[in-house]
Amino acid sequence: MAVLLAGWAWMGAVCQAAPDDAPMRAVVSVVGPRNLSYLPADLIPRIGADREEGLEVQLRHVEGGGLAIKEMISRNADFTVVGFPALMSLKAKGGELVGLVAVSDAPQFVLVVRQALREQVKRIADLKGRIIGVHTSSVNAKTAAQQLIELLLHSDGLQSEDARIISTGQEWDKRRFMLDSGKVDAIVSEEPFASILEEEGKVFFLVNLARPETTGGIAGAHFLHAALATRPDVLAREPEKVRRMVNALRRSLRWIAEHSPEELAERLEIPDAEEEAQVLLSLKKYPRLFSRDGQFTQELIDETNRFFHSANPEAATIRAESLFDPQWVASPLEPPR
């Protein structure tokens, strides 16, 4: 009997110790897979950045920022990587997510127009009365793409209602069909899809936010695009999980900064050769896509405020600096374990 009791005691000790040794599970909702702006999130499990922090990251890929936020609100995810202006829009509507890490250094949006309209559309104002597609829409918050098209329209003297803005979804074939069929005249796209469409002769670039010379000095055009965020209850209940997730993403950002575009494309193990080639081309074309350390710099904060307030003048009291907690990226990263 004593042996049996000792055996049960040993098994109990093992069961109690196991959770301490097992990695924490973290579910992350993110646009993708392999959306260029969110590649640092996709890279985390590929390089073991989560395991270095005692974390197991499970990516929940969705078609757009609105759906990523919905996953957070529905408590299907612990974290999200999403457009920071969408977090500000959520705040304006009474919701709240907290920014933790700045992922982007330059916004990766291109306003492309159907090639057939090249002689008719020379500037943003020429889109008056036309149909413009964004990859997603949301009732919870206006996505960064939605806000961007409003900012661009306002910058050339138009109102938001002067063009019809519709959702196209994230799927490439669907968006091609909508362009080919004339169901949309222009699309707010991200790379590498924008360059693929241009190479196919389907569109021309009207505005490319990663190329400042095409933005015409539009205030806010260098806003903070992608950022890691979580809910306040996760911060309060699981601060250790938050710390580990922050560090895992920062490790991913540092890995990208220290490796070539070719190495990044190889680690992502993109199954389609054409897609891999386009991702690699975009990585080479835009060398300043990602933050190196995850810091919310003053330049990013100021530009994001200008961007959001230009697109949302009714929400002038919402400030970018009120939506992130700088403590999480204040400490230097420790060497890999």
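The values are calculated or read from the model by the stated rules, or taken from the named source; none is laboratory data. Owing to the predicted nature of the structure, the values given are computational and were not obtained by experimental measurement. Neighbour counts run over all protein chains shown; Cβ positions are idealised from the backbone, glycine included.
Quick look at the numbers
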| item | result |
| --- | --- |
| Scope the stretch 294-314; condition in a loop (DSSP other than H, G, I, E, B) and within 16 Å of the chain's Cα centre (by Cα); matching residues | G294, Q295, F296 |
| Among (1) surrounded by fewer than 24 Cβ atoms within 10 Å (Cβ to Cβ); (2) at pLDDT below 95, the one test that V134 misses | (1) |
| Residues satisfying the stated conditions in the stretch 224-241, i.e. over 18 Å from L39 (Cα atoms) and either in contact with a helix residue (DSSP H, G or I) (Cβ under 6 Å, 6 or more places away or on another chain) or in contact (Cβ under 8 Å) with a residue 40 or more places away in the chain (or both) | T230, R231, P232, V234, L235, E238, E240, K241 |
| Cβ pairs under 6 Å, 6+ apart, first in the stretch 89-100 and in the same structural domain as L228 (by TED's automatic domain parsing), second surrounded by fewer than 19 Cβ atoms within 10 Å (Cβ to Cβ) and small (G, A, S) | A92/A315 |
| Long-range neighbours under 8 Å by Cβ, at least six apart or interchain, first residue more than 16 Å from E171 (Cα to Cα) within the stretch 34-48, second buried (at least 24 other Cβ atoms within 10 Å of the Cβ) and polar (S, T, N, Q) | P40/S252; A41/S252; L43/S252; I44/S252; I47/S252 |
| Filter result for R123 (surrounded by fewer than 24 Cβ atoms within 10 Å (Cβ to Cβ), under 26 Å from L289 (Cα atoms) and basic (K, R)) | yes |
| Residue match in the stretch 16-33 (condition: at positive phi, at pLDDT below 85, crowded, with 16+ Cβ neighbours inside 10 Å and assigned by TED's automatic domain parsing to the domain that holds A257) | yes |
| Elements of type helices (runs of 4 or more DSSP H) in the stretch 226-292, at least 1 residues being closer than 30 Å to S89 by Cα | 232-237, 239-258, 273-285 |
| Exclusive hit being of a type in the set (V, I, T), surrounded by fewer than 24 Cβ atoms within 10 Å (Cβ to Cβ) and modelled with pLDDT of 95 or more, set V113, V98, V81 | V98 |
| Contacts under 8 angstrom Cβ, first residue in the stretch 296-316 being without any contact (Cβ under 8 Å) to a residue 60 or more places away in the chain, partner acidic (D, E) and crowded, with 19+ Cβ neighbours inside 10 Å, 6 or more apart | none |
| Matching residues, the stretch 323-334, being exposed (fewer than 11 other Cβ atoms within 10 Å of the Cβ) and either among the small types (G, A, S) or closer than 17 Å to E96 by Cβ (or both) | A330 |
| Filter result (out of contact with any strand residue (DSSP E or B) (no Cβ under 7 Å at 6 or more places or on another chain), exposed (fewer than 14 other Cβ atoms within 10 Å of the Cβ), charged (D, E, K, R) and at pLDDT 85 or above) within the stretch 153-173 | E161 |
| When residues of the stretch 174-183 are limited to those that are in contact (Cβ under 8 Å) with a residue 40 or more places away in the chain and over 18 Å from E119 (Cβ atoms), the one surrounded by the fewest Cβ atoms within 10 Å (Cβ to Cβ) | K183 |
| Enumeration of residues in the stretch 194-212 that are touching a residue at least 60 places away in the same chain (Cβ under 8 Å) and either over 10 Å from R114 (Cβ atoms) or touching a Ser or Thr at 6+ places or on another chain (Cβ under 6 Å) (or both) | A194, S195, I196, E198, G201, F205, L206, V207, N208, L209, A210 |
| Within the stretch 73-159, strands (runs of 3 or more DSSP E) holding 1 or more residues that are among the small types (G, A, S) and within 18 Å of A221 (Cα to Cα) | 79-83, 98-102 |
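A quick yes/no check of all residues on (1) aliphatic (A, V, I, L, M); (2) modelled with pLDDT of 90 or more; (3) on the phi < 0 side of the Ramachandran plot:
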{"site": "V62", "(1), (2), (3)": "yes, yes, yes"}
{"site": "S74", "(1), (2), (3)": "no, yes, yes"}
{"site": "A86", "(1), (2), (3)": "yes, yes, yes"}
{"site": "A141", "(1), (2), (3)": "yes, no, yes"}
